[in-house]
Amino acid sequence: MKDISIETLYTKAIEMLMTYGPRFLLAIFVLIVGWWFVGRIASMAEKSMAKVKFEAGLSHFLVSFLSVILKLLLLISVASMIGIETTSFIAMLGAAGLAVGMALYQSA
(Lines give C-alpha, C1' and ligand atoms only; values in the text may rest on other atoms or scores of the structure.)
Protein backbone atom coordinates (compact mmCIF):
# COMPACT_ATOMS: atom_id res chain seq x y z
CA MET A 1 0.00 0.00 0.00
CA LYS A 2 1.20 3.50 -0.79
CA ASP A 3 2.43 5.71 1.98
CA ILE A 4 0.11 8.74 1.96
CA SER A 5 1.27 11.80 3.80
CA ILE A 6 -0.65 14.85 4.94
CA GLU A 7 1.35 17.06 2.59
CA THR A 8 0.34 15.07 -0.51
CA LEU A 9 -3.31 15.09 0.57
CA TYR A 10 -3.10 18.83 1.18
CA THR A 11 -1.54 19.53 -2.22
CA LYS A 12 -4.12 17.31 -3.97
CA ALA A 13 -6.94 19.12 -2.14
CA ILE A 14 -5.57 22.54 -3.13
CA GLU A 15 -5.11 21.35 -6.73
CA MET A 16 -8.71 20.07 -6.90
CA LEU A 17 -10.03 23.27 -5.30
CA MET A 18 -8.21 25.38 -7.88
CA THR A 19 -9.45 23.18 -10.71
CA TYR A 20 -13.11 22.66 -9.73
CA GLY A 21 -13.77 25.50 -7.28
CA PRO A 22 -14.54 28.29 -9.77
CA ARG A 23 -16.75 25.97 -11.82
CA PHE A 24 -18.67 24.94 -8.70
CA LEU A 25 -19.10 28.54 -7.50
CA LEU A 26 -20.34 29.60 -10.94
CA ALA A 27 -22.82 26.72 -10.97
CA ILE A 28 -24.15 27.72 -7.53
CA PHE A 29 -24.51 31.33 -8.71
CA VAL A 30 -26.36 30.24 -11.87
CA LEU A 31 -28.62 28.02 -9.76
CA ILE A 32 -29.56 30.85 -7.38
CA VAL A 33 -30.13 33.41 -10.15
CA GLY A 34 -31.95 30.87 -12.31
CA TRP A 35 -34.25 29.83 -9.45
CA TRP A 36 -35.13 33.50 -8.88
CA PHE A 37 -35.67 34.02 -12.62
CA VAL A 38 -37.98 30.98 -12.84
CA GLY A 39 -40.01 32.38 -9.97
CA ARG A 40 -40.35 35.70 -11.78
CA ILE A 41 -41.42 33.99 -15.00
CA ALA A 42 -44.03 31.93 -13.13
CA SER A 43 -45.31 35.07 -11.42
CA MET A 44 -45.58 36.91 -14.74
CA ALA A 45 -47.39 33.94 -16.30
CA GLU A 46 -49.83 33.85 -13.40
CA LYS A 47 -50.55 37.59 -13.70
CA SER A 48 -51.07 37.37 -17.45
CA MET A 49 -53.44 34.43 -17.05
CA ALA A 50 -55.41 36.41 -14.47
CA LYS A 51 -55.82 39.24 -16.99
CA VAL A 52 -57.13 36.81 -19.61
CA LYS A 53 -59.45 35.33 -16.98
CA PHE A 54 -58.37 31.69 -17.16
CA GLU A 55 -60.14 29.26 -14.87
CA ALA A 56 -58.36 29.23 -11.48
CA GLY A 57 -57.60 25.48 -11.49
CA LEU A 58 -56.24 25.52 -15.03
CA SER A 59 -54.18 28.63 -14.35
CA HIS A 60 -52.63 27.11 -11.22
CA PHE A 61 -51.86 23.86 -13.08
CA LEU A 62 -50.22 25.64 -16.02
CA VAL A 63 -48.13 27.90 -13.81
CA SER A 64 -47.00 24.93 -11.69
CA PHE A 65 -46.22 22.90 -14.81
CA LEU A 66 -44.20 25.77 -16.31
CA SER A 67 -42.30 26.25 -13.05
CA VAL A 68 -41.44 22.55 -12.71
CA ILE A 69 -40.28 22.26 -16.33
CA LEU A 70 -38.09 25.38 -16.08
CA LYS A 71 -36.59 24.25 -12.76
CA LEU A 72 -35.85 20.83 -14.23
CA LEU A 73 -34.08 22.41 -17.20
CA LEU A 74 -32.16 24.67 -14.82
CA LEU A 75 -31.00 21.72 -12.70
CA ILE A 76 -29.87 19.82 -15.80
CA SER A 77 -27.94 22.89 -16.99
CA VAL A 78 -26.27 23.33 -13.60
CA ALA A 79 -25.36 19.64 -13.47
CA SER A 80 -23.81 19.99 -16.91
CA MET A 81 -21.82 23.03 -15.74
CA ILE A 82 -20.38 21.05 -12.84
CA GLY A 83 -19.28 18.27 -15.17
CA ILE A 84 -21.98 15.63 -14.72
CA GLU A 85 -22.94 13.84 -17.94
CA THR A 86 -26.54 14.83 -18.62
CA THR A 87 -27.26 12.80 -21.74
CA SER A 88 -28.85 9.97 -19.77
CA PHE A 89 -31.12 12.43 -17.94
CA ILE A 90 -32.22 13.98 -21.21
CA ALA A 91 -32.85 10.56 -22.77
CA MET A 92 -34.92 9.56 -19.73
CA LEU A 93 -36.99 12.75 -19.98
CA GLY A 94 -37.52 12.14 -23.68
CA ALA A 95 -38.71 8.59 -23.04
CA ALA A 96 -41.07 9.82 -20.31
CA GLY A 97 -42.46 12.47 -22.63
CA LEU A 98 -42.99 9.89 -25.35
CA ALA A 99 -44.80 7.59 -22.88
CA VAL A 100 -47.09 10.39 -21.72
CA GLY A 101 -47.79 11.39 -25.31
CA MET A 102 -48.66 7.83 -26.29
CA ALA A 103 -50.89 7.44 -23.24
CA LEU A 104 -52.75 10.65 -24.07
CA TYR A 105 -53.08 9.57 -27.70
CA GLN A 106 -54.58 6.21 -26.67
CA SER A 107 -57.12 7.82 -24.35
CA ALA A 108 -58.44 10.20 -27.01
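A few notes on this one:
- Residues satisfying the stated conditions in region 52-106, i.e. outside any helix (DSSP H, G or I) and aromatic (Phe, Trp, Tyr): PHE54
- Filter pass, TYR20 being over 26 Å from LEU75 (Cα atoms), open to solvent by 100 Å² or more (accessible area, probe 1.4 Å) and either outside any helix (DSSP H, G or I) or among the aromatic types (Phe, Trp, Tyr) (or both): no
- All positions within region 51-79 that are open to solvent by 60 Å² or more (accessible area, probe 1.4 Å) and over 26 Å from VAL30 (Cβ atoms): LYS51, VAL52, LYS53, PHE54, GLU55, ALA56, LEU58, HIS60, PHE61
- Total residues in region 17-40, condition farther than 20 Å from LEU70 by Cβ and among the charged types (D, E, K, R): 1
- Flag not set for GLU46, criterion: out of contact with any Leu (no Cβ under 6 Å at 6 or more places or on another chain), outside any helix (DSSP H, G or I) and of a type outside the set (Val, Ile, Thr).
- Looking only at region 85-108, and only at residues there that are β-branched (Val, Ile, Thr) and open to solvent by less than 90 Å² (accessible area, probe 1.4 Å), the one that is nearest to the chain's Cα centre (by Cα): THR86
- Scan of region 30-50 for residues that are open to solvent by 50 Å² or more (accessible area, probe 1.4 Å) and at pLDDT below 90, ordered by number: ALA50
The values are calculated or read from the model by the stated rules, or taken from the named source; none is laboratory data. Remember, predicted model here, so these are calculated numbers, not experimental data. Every residue, glycine as well, gets a Cβ built from its backbone with ideal geometry; the counts of neighbours run over all protein chains shown. Please note that ligands, DNA and RNA were not included when accessible areas were found on the heavy atoms of the full protein model with its side chains. Shrake-Rupley method; radii C 1.70, N 1.55, O 1.52, S 1.80 Å.
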